[in-house]
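Contents: one structure, followed by commentary.
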Amino acid sequence: MKNTLFLLPIIFLSVVIFSCAQSSKYNLPGQVQGIISDDQLDQLKSHGLPINEGLTPPNIEGIYVADELICTYDSGGYFGGSLISDYYYKIEDQTDQNTFTFSYRTESGSDEALGKGSFISGSDQNFSLFVEVEGVSVGVPDITYKQVKVYSGTLTTEGLANWNYGFILTYKSDDPEPRLMAVNDHRIFDEQDDLVS
């Protein structure tokens, strides 16, 4: 009995510590915290990227084109103000567990990817997508990296309005030159006509 009473405070403290370590200040699907931290979300949000919280997002399956994306913020200072290529997005297989399949490519084919982990949050017609992407920058040496891309908008009858997009570099292998942006550097983009369709 003495051993049981002694262990109870330790077990209680362990449960409290574990619970606190797993919580997020954002109301998002639990899987999101596995690919991006609250601090990283705070960085994106503080530079203009909306984060639409909630666990009842609209179904936004479809193929969409963003044709007027401009970089509104670059933490590295290299890319701000630049208009980028048209992007084609495919969103499919959205589930009640707030997962979906996501892929994108540029018109020229110079950038394309399939999301490794793709999660959606939101409520009413507002949503945010969280997509982890892994890639390789080919060179000497090859550099492997991970990014989390966050897309936010509002579902309308015309398409996805208020379209904003940001990404943060969450990991890279050895990069002696460096060729890639630093880990935790991020960029924010805004669709100038506010609509992808």
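Observations, loosely collected:
- Where strands (runs of 3 or more DSSP E) fall wholly inside segment 78-182, the ranges with 2 or more residues that are within 22 Å of T56 (Cβ to Cβ) are 87-92, 101-106, 117-123, 126-137, 143-155, 160-172.
- The residue that is modelled with the highest pLDDT, counting only those in segment 65-85 that are among the small types (G, A, S) and more than 24 Å from Q33 (Cβ to Cβ), is A66.
- Of the residues G166, G153, the single one that is touching a His at 6+ places or on another chain (Cβ under 9 Å) and of a type in the set (G, A, S) is G166.
- Of all residues making up segment 25-75, the number that are within 30 Å of S108 (Cα to Cα) and part of a loop (DSSP other than H, G, I, E, B): 13
- Residue match in segment 167-174 (condition: surrounded by fewer than 14 Cβ atoms within 10 Å (Cβ to Cβ) and within 19 Å of the chain's Cα centre (by Cα)): yes
- Those residues of segment 183-197 which are over 15 Å from the mean Cα position of the chain (by Cα) and part of a loop (DSSP other than H, G, I, E, B), in sequence order: Q192, D193, D194, S197
- Condition check for G62: at pLDDT below 95 and not hydrophobic (A, V, I, L, M, F, W, C): no
- Selection within segment 91-118: residues that are under 21 Å from L155 (Cα atoms) and out of contact with any Asp or Glu (no Cβ under 9 Å at 6 or more places or on another chain). The member of this set that is surrounded by the most Cβ atoms within 10 Å (Cβ to Cβ) is N98.
- Of all residues in segment 137-153, those being closer than 18 Å to S118 by Cα and either buried (at least 18 other Cβ atoms within 10 Å of the Cβ) or β-branched (V, I, T) (or both) number 8.
- Residue within segment 1-9 that is modelled with pLDDT of 95 or more and among the basic types (K, R) present: no
- Failed condition for E61, given (1) touching a residue at least 60 places away in the same chain (Cβ under 8 Å); (2) within 22 Å of D124 (Cα to Cα): (1)
- Criterion applied to D190, D185, D124 was being buried (at least 18 other Cβ atoms within 10 Å of the Cβ), out of contact with any helix residue (DSSP H, G or I) (no Cβ under 9 Å at 6 or more places or on another chain) and touching a residue at least 40 places away in the same chain (Cβ under 8 Å), and the one residue passing it is D190.
The values are calculated or read from the model by the stated rules, or taken from the named source; none is laboratory data. Model, not experiment: these values are computed from the prediction. Reconstructed Cβ throughout: ideal geometry from the backbone, glycine too, with neighbour counts over all protein chains shown.
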